[in-house]
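Below is one structure; the comments refer to it alone.
Throughout, read-outs are computed from the coordinates displayed, never taken from laboratory work. Given the structure is predicted, the values throughout are model-derived calculations rather than measurements. Using ideal geometry, Cβ is built from the backbone for each residue, glycine included, and neighbour counts are taken over all protein chains shown.
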Amino acid sequence: MTNKRTIGELIENEVRKQQIPITEFAKMICCQRNNVYDIF
């Protein structure tokens, strides 16, 4: 059995690993903070 992860999980892990605030990440991808949580 393989360990499958969604793209949202991969993005969230990388954002948290780089310690980027969610609001800053939202600005980087041109969206609002609440939409970032929808991605995760």
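For the chain, a simple Cβ point-charge model (Lys and Arg +1, Asp and Glu -1, everything else neutral) yields a dipole of about 60 debye relative to the Cα centre. Shown for 23, 2: other C-beta atoms within 10 Å of each C-beta, ranked fewest to most, produce the order 2, 23.
Values (1) 37, 19, 12; (2) 56, 14, 5; (3) 51, 15, 8 are given for comparison; Cα extents along the principal axes in Å, derived from the coordinates here, is the one labelled (1). Using θ = phi - 60° in the Karplus curve 6.51 cos²θ - 1.76 cosθ + 1.60, the 3J(HN,Hα) couplings for region 18-31 round to 7, 6, 8, x, 4, 5, 5, 4, 4, 5, 4, 9, 6, 8 Hz; x is entered for Gly and Pro. Over all other residues within a Cβ to Cβ distance under 14 Å of residue 38, the charged ones net out to -1, with Lys and Arg as +1 and Asp and Glu as -1.
Each of 40, 25 was scored by other Cβ atoms within 10 Å of its Cβ. Listed from fewest to most, they are 40, 25.
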